[in-house]
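Chemist: Sharing a structure with you now.
The values are calculated or read from the model by the stated rules, or taken from the named source; none is laboratory data. This structure is a prediction, so every number in the text was calculated from the model and none was measured. Every residue, glycine among them, receives a Cβ derived from its backbone with ideal geometry; neighbour counts consider all protein chains shown.
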Amino acid sequence: MSEIVWELPSLLWALPLALLAFVTVNARKSVVWLRLTPVDLVSRILTPLIKLAASMLIALVIIALAGPHLPEQLSQRSGEGAEIIILVDRSRSMDDIFAALPRNTLSRVPMGTQSKRQVSRDYLTEFIQRRPDDRFGYVFFSNQATELLSLTYHKDAVLATVDAGALGRGISQTNIVEALLKAADMFEHEAYRGARRVLLISDGGQVLTEQEQSFIRQRYHTLQIGIIWIYLPAMRGMTLDPSDQDNFLWVDMPERKLHEFFKTLSVPYQAFEAGSTDDFAEAIDAIDQHHHEALMVDELQPRQSLADRFLLLALLLAGLLAVIQVYSWWGAYLASRP
């Protein structure tokens, strides 16, 4: 527990005023013969106790006015989740309608009107809201990678950033290498708290040079970062893994090259192909279910005022003294009656 901090510590110099309760006023009465005065042991005991209570009342009020409180403090607790940096593709192709049919195909079912980035925003928002203990960062990339939000527990900031990432128009180029390295840089100076993941959302790939592959492999292995890729197919029917229905033009597609490289890494890797909203929803469900590992969660405890506790004690003492005073007046009244 942290030490008590005072908002107005100078008021504590007024604490000696509490001794005023022990200052008595000379109100002696003349008695003909002292033996006529009865000995009241109860009064002799209660009188100093009443003065002590009054003194404590004054002290408690002064202490409360000085503003005692516990400052903000950072604490850790054990939770379940992961630290996730979201990489969202800002290339121009992400402005295309999500799950649109090829242009030479007649649509027989109503098509959606949302772009791939807008659909990604909606599902990311749902995913983030499900993850109370996760810490998120956000990067969008096209020809360059831009860190919009460093790793944080503040869900409102994360949700606002995700929402803003769906605005505007994309740029023609895609540089996934720079985005992956930017995510690694964001983890580099962070204390290791638990599972680290990069959530890549993109409809394209990139052919990496041997130097780029070696650098990414070394960085992600050293920092223990896993990769999750939600792939939004740019061409209907094309898959990341080869199939019997492959078009010969798909063999050397950058998406497949990148997928094959990710599979050679010594870190956890998952790929999901979201060709429809159902596929996207299933991908989000699978990620949410499989990434609940032990995680140390930082929590910022807000400032806690202690003044109300001192005021409550002062109020109880004031009530007690008021009852005693009323009882004293009532006794004097009864004694004065004929």
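Chemist: Can you tell me which residue in the range 1-49 is nearest to Leu321 (Cα to Cα), limited to those that are of a type in the set (Ser, Thr, Tyr) and at pLDDT below 75?
Modeler: It comes out as Ser43.
Chemist: I need the full set of residues from the range 149-182 which are crowded, with 16+ Cβ neighbours inside 10 Å, modelled with pLDDT of 85 or more and touching a helix residue (DSSP H, G or I) at 6+ places or on another chain (Cβ under 9 Å), in order please.
Modeler: Those that are crowded, with 16+ Cβ neighbours inside 10 Å, modelled with pLDDT of 85 or more and touching a helix residue (DSSP H, G or I) at 6+ places or on another chain (Cβ under 9 Å): Leu149, Leu151, Val158, Leu159, Val162, Ile176, Val177, Leu180, Leu181.
Chemist: Yes or no: the range 247-258 includes at least one residue that is at pLDDT 80 or above, assigned to a helix (DSSP H, G or I), more than 27 Å from His291 (Cα to Cα) and over 31 Å from the mean Cα position of the chain (by Cα).
Modeler: Checked the range 247-258: at least one residue is at pLDDT 80 or above, assigned to a helix (DSSP H, G or I), more than 27 Å from His291 (Cα to Cα) and over 31 Å from the mean Cα position of the chain (by Cα).
Chemist: Given Ile86, Ile62, which one is part of a strand (DSSP E or B) and at pLDDT 85 or above?
Modeler: When all the criteria are applied, what remains is Ile86.
Chemist: List, please: which pairs have Cβ atoms under 7 Å, are six or more places apart or on different chains, and start with a residue in the range 270-284 that is closer than 14 Å to Lys116 by Cα and end with one that is in a strand (DSSP E or B)?
Modeler: So the pair list comes out as Glu273/Tyr231; Ala274/Ile230; Ala274/Tyr231; Asp279/Glu273.
Chemist: Among what's in the range 265-283 and is part of a helix (DSSP H, G or I) and surrounded by fewer than 18 Cβ atoms within 10 Å (Cβ to Cβ), pick the residue that is modelled with the lowest pLDDT.
Modeler: So the residue we want is Thr277.
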